[in-house]
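Here's the structure we're looking at; comments come further down.
The values are calculated or read from the model by the stated rules, or taken from the named source; none is laboratory data. A quick note: this is a predicted structure, and the numbers were derived from the prediction, not measured. Glycine gets a Cβ as well: all are built from the backbone with ideal geometry, and neighbour counts include every protein chain shown. For the accessible areas, the whole protein counts, side chains as well, though only heavy atoms, and no ligand, DNA or RNA atoms are used. Shrake-Rupley method; radii C 1.70, N 1.55, O 1.52, S 1.80 Å.
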Amino acid sequence: MKTIAALENDILLQIPLLQNIKLQKPLSCKNQRNTIFSGNGDSFAAALLAEAFSNFRVRAIDPLDLLKNKSTLKNNSVYLISISGHTISNVKVAKNAKTAIAITLNNKSKLAKVCSKSILLGYPSSGIFTSGSIGFLSSALTSISLVSKFKIRGIQELFQKALLESKKIKIGKKVFIIGNLHTFPIAMYAAAKFFEILGTDAHYERIEQFLHMGLFSANQGDTVIIFEEKNSHNSRILKNLKKIGLNVYQPNSGTRNKIAQVIFFTLFSQLTPLFYAKKNHQKECYFVTAKKLRNASSNMIY
């Protein structure tokens, strides 16, 4: 099975995952204030979601930042999110932490072995190494459940809505994905999917910061995707950006429920580059064919 087909299969498997996912009991507010979430790539986006849904009681901190400030590790419990459990920086953090808990798929990994406890993720997959989809959603919702109690509803409707919205997008030379609070981590994740699947020049930013900084690198015909529910401020952004020749989209989740929005924008982030890959008869994800880039990455992170 090629990696694009495997990705599509994994995306579809998220529907039964969402129907049967085993969530965690939230930590007490007191314990949350002494808790850090960390990870790399998609997993750092999951950590940022935990931070946002905790109302910033927990903190999301990059693994290398933790290693540069080891005193932080001595006074807090650290949840390390890693599907493979083999990234070097996570393992180093676990070795230096007072209490380290792994959130991982692999209970035999280096990370699981050095942590005092592991929360094991369980989900179906194609078994093919491809761009992360079901693993991200599983780890993100598991992380959020450690800081906030929630229920998942309307799964089929969210998927159909995301599928419909994903086909409306016209991808320019550059793509800017912007969001706030609960959606900014998904903007980060979305950019990663555009990188990995299509090799697109993609950028992620908080909405206000984009207007101060990232906007000045945009050119006519580039694409801006707003990950936030409709309001008067975003309507003004959309109007002003369209005036200067940018393709601007605000995918509509049709819900005000924050968890449902996270699921919707996650599905949208996967389905949009998948749709373009299939439209262009692409069989392999970009990161698979970009062997020199992948080797450089693997040599540093594993």
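Of all residues in segment 225-244, those that are farther than 14 Å from L211 by Cα and part of a loop (DSSP other than H, G, I, E, B) have Cβ atoms under 6 Å from Cβ atoms of residues that are open to solvent by less than 40 Å² (accessible area, probe 1.4 Å) and not small (G, A, S), 6 or more apart or on another chain, in E228/T183; E228/N234.
Being of a type outside the set (A, V, I, L, M, F, W, C) and more than 17 Å from D10 (Cα to Cα) is a description that does not apply to S269.
Would you call I36 modelled with pLDDT of 95 or more, open to solvent by less than 10 Å² (accessible area, probe 1.4 Å), more than 21 Å from G122 (Cβ to Cβ) and among the β-branched types (V, I, T)? Considered against the rule, which asks whether it is modelled with pLDDT of 95 or more, open to solvent by less than 10 Å² (accessible area, probe 1.4 Å), more than 21 Å from G122 (Cβ to Cβ) and among the β-branched types (V, I, T), I36 comes out as yes. Does segment 202-209 contain any residue that is of a type in the set (D, E, K, R), open to solvent by less than 60 Å² (accessible area, probe 1.4 Å) and touching a Ser or Thr at 6+ places or on another chain (Cβ under 6 Å)? No, segment 202-209 contains no residue that is of a type in the set (D, E, K, R), open to solvent by less than 60 Å² (accessible area, probe 1.4 Å) and touching a Ser or Thr at 6+ places or on another chain (Cβ under 6 Å).
Among the conditions (1) of a type outside the set (D, E, K, R); (2) touching a His at 6+ places or on another chain (Cβ under 9 Å); (3) within 14 Å of S133 (Cβ to Cβ), the only one that F53 does not satisfy is (3). Among all residues of segment 217-231, there is at least one that is open to solvent by 90 Å² or more (accessible area, probe 1.4 Å), basic (K, R) and farther than 30 Å from H86 by Cα. The set of residues in segment 155-192 that are outside any helix (DSSP H, G or I) and either among the aliphatic types (A, V, I, L, M) or within 19 Å of I15 (Cβ to Cβ) (or both) comprises K167, I169, I171, V175, I177, I178, L181.
For every residue, the table says whether it meets (1) open to solvent by less than 20 Å² (accessible area, probe 1.4 Å); (2) among the polar types (S, T, N, Q).
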{"position": "L111", "(1), (2)": "yes, no"}
{"position": "V114", "(1), (2)": "no, no"}
{"position": "S118", "(1), (2)": "no, yes"}
{"position": "Y123", "(1), (2)": "no, no"}
{"position": "S126", "(1), (2)": "no, yes"}
{"position": "E157", "(1), (2)": "no, no"}
{"position": "K167", "(1), (2)": "no, no"}
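None of F227, F264 is in contact with a Phe, Trp or Tyr (Cβ under 8 Å, 6 or more places away or on another chain) and either hydroxyl-bearing (S, T, Y) or under 25 Å from G154 (Cβ atoms) (or both) except F227.
Screening the candidates F265, F195 for the property of being open to solvent by 60 Å² or more (accessible area, probe 1.4 Å), in a helix (DSSP H, G or I) and under 27 Å from A290 (Cβ atoms) yields one hit, F195. Among residues of segment 1-28 that are open to solvent by 40 Å² or more (accessible area, probe 1.4 Å), none has a beta-carbon under 6 Å from a residue that is at pLDDT below 95 and not in a loop (DSSP other than H, G, I, E, B) at least six positions away or on a different chain.
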